[in-house]
Amino acid sequence: MTEQTATAVAPSNIAFVKYWGKADAALNTPAAGSLSMTLRDLLTTTTVAFDDGLEGDVLILNGAAAPPKALDKARPLLDIVRQQAGISSPARIDSANSFPTGAGLASSASGLAALALAASTAAGLRPSREWLSALARRGSGSASRSLFGGFVEWLPGGQRADGLDSHAVQVAPEDHWDLRMLVVVVRSEAKSTSSTAGMARTAVTSPYFRSFIDTVPADLRTCRRAIAERDFEALTEVVESSALKMHASMMTSSPALLYWKPETLRVMETVYALRAEGAPVAFTIDAGPNVKVLLPPAADADGFDDIRARFASLDGVRDVLATGPGPGAWVVEPGSPQ
Ligand code: DP6
């Protein structure tokens, strides 16, 4: 019996310019580019062991055997690694999140990025970051961005039949702009419609889907410039607009995809109220009811604790987590602390 094993840590990320829609479902390439910030404190640690003694692939999530369905996102990625490395052994995947499980926070970006890096390393591959990013993309599109730190753009590709030109690149490193983010948790249940199913429905049924996709190239340009110039006002405009356009296309799908709850609007209105009072803050929302609030670096905005407390005191808010830009996925060397 032989066993090849490796452990990797990957961060989650938050999109400033949203990905919602695919060009090719089999390759999992996107209908447009997207741009995100890698999050320092929301991490997944994953160990992969290719083991001849196993009867099939096994997935353990936060200490418990995951349902077979959860393996569906991981298997295409494992198969590519096995094919590339010339091995046929089943894999045991043991994965755990640093952030509270059941906090309604997406873990597919960090989970699939950690899996891509751990599986490739365990199999003895030493690929480029771009290849790893394209590999992670096969499991979950947003995971392609978690291989890089700081501010990251996922290129749609579309020229290569194998999809290898659809990978992420770093736009600016994590120390370029010390933005802060508050994750305002209002619900902890897993969302009822997955991103993959929701995107497919939106693309086919929403009259606004194309309009949203058509605005992405200009939003990417604005966002890149806002980051390069550390222009929080310009960032606010593009981040909120991208999230609202994505949600407008979701809401106008049939049947409608309405991810917001009353508490979601309460948090958004608090962002507007803070801004009217002169505090620079911006919101963004993914495919769920929780709101992520962006703030400029500490030196530019006083009263961080007050702002955090204001969100925490809102009716229906369960938790407020603070984070900021961090590094991309890394391998944990055997015997070293994480
Ligand atoms: C709303 O990466 O979860 O968070 O590729 O189908 O697995 P699949 O989708 P996923 O979608 C994330 C969508 C989003 C916006 C974003 O992160 O850009």
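If you check Ala322, Ala256, Ala309 for being surrounded by fewer than 16 Cβ atoms within 10 Å (Cβ to Cβ) and assigned to a strand (DSSP E or B), only one passes: Ala322. Residue pairs whose Cβ atoms lie under 7 Å apart, sitting 6 or more positions apart in sequence or on different chains, and linking a residue in region 15-29 that is within 29 Å of Gly324 (Cβ to Cβ) and in contact (Cβ under 8 Å) with a residue 40 or more places away in the chain to a partner that is within 7 Å of the ligand (Cβ to nearest atom) and among the aliphatic types (A, V, I, L, M), are Lys18/Met246; Trp20/Met199; Trp20/Met246; Gly21/Met199. The condition of being within 18 Å of Leu35 (Cβ to Cβ), within 16 Å of the ligand (Cβ to nearest atom) and free of Cβ contacts under 8 Å to residues at least 60 places away in the same chain holds for only one of Val238, Val169, Val216, that being Val169. From the residues in region 106-115 that are touching a strand residue (DSSP E or B) at 6+ places or on another chain (Cβ under 8 Å), of a type in the set (Gly, Ala, Ser) and assigned to a helix (DSSP H, G or I), which one is nearest to the ligand (Cβ to nearest atom)? The selected residue is Ala109. How many residues does region 88-98 contain that are in contact with a strand residue (DSSP E or B) (Cβ under 6 Å, 6 or more places away or on another chain) and either more than 30 Å from Thr323 (Cα to Cα) or surrounded by 19 or more Cβ atoms within 10 Å (Cβ to Cβ) (or both)? The number of residues fulfilling the criteria is 6. The selection criterion, being within 28 Å of Phe304 (Cα to Cα), at pLDDT below 95, surrounded by 15 or more Cβ atoms within 10 Å (Cβ to Cβ) and not acidic (Asp, Glu), does not hold for Arg180. For the residues Arg225, Arg275, the requirement of being assigned to a helix (DSSP H, G or I) and farther than 22 Å from Pro173 by Cβ singles out Arg275. Among the residues in region 12-23, are any within 21 Å of Ser194 (Cα to Cα) and surrounded by fewer than 21 Cβ atoms within 10 Å (Cβ to Cβ)? Yes - at least one qualifying residue is present in region 12-23. Can you find a residue in region 33-49 that is more than 9 Å from the ligand (Cβ to nearest atom), more than 17 Å from the chain's Cα centre (by Cα), within 22 Å of Pro76 (Cβ to Cβ) and without any contact (Cβ under 8 Å) to a residue 40 or more places away in the chain? No, region 33-49 has no match at all. Can you say whether Thr196 is at pLDDT 95 or above and β-branched (Val, Ile, Thr), as far as the supplied structure shows? So Thr196 does not fit the description; no. Whether any residue in region 130-138 is away from the ligand (no atom under 16 Å from the Cβ), part of a helix (DSSP H, G or I) and either surrounded by fewer than 24 Cβ atoms within 10 Å (Cβ to Cβ) or of a type in the set (D, E, K, R) (or both) is what I want to check. Yes, region 130-138 has at least one match. Restricting Asp57, Asp24, Asp79 to residues that are within 14 Å of the ligand (Cβ to nearest atom) and either modelled with pLDDT under 95 or closer than 19 Å to Ala116 by Cβ (or both) narrows the list to Asp24.
Of everything listed in (1) touching a Gly at 6+ places or on another chain (Cβ under 8 Å); (2) surrounded by 19 or more Cβ atoms within 10 Å (Cβ to Cβ); (3) within 16 Å of Gly111 (Cβ to Cβ); (4) not hydrophobic (A, V, I, L, M, F, W, C), the single unmet condition for Asp41 is (2).
Taking the options Pro11, Pro100, name whichever one is at pLDDT below 95 and either within 16 Å of the ligand (Cβ to nearest atom) or in a loop (DSSP other than H, G, I, E, B) (or both). The match here is Pro100.
Screening region 253-286 for residues that are among the β-branched types (Val, Ile, Thr) and within 16 Å of the ligand (Cβ to nearest atom) and picking the one that is farthest from the chain's Cα centre (by Cα) gives Thr264.
The values are calculated or read from the model by the stated rules, or taken from the named source; none is laboratory data. Here the structure is a predicted model, which means the values were calculated and not measured. Here the Cβ is made from the backbone with ideal geometry for all residues, glycine too, and neighbour counts use every protein chain on show.
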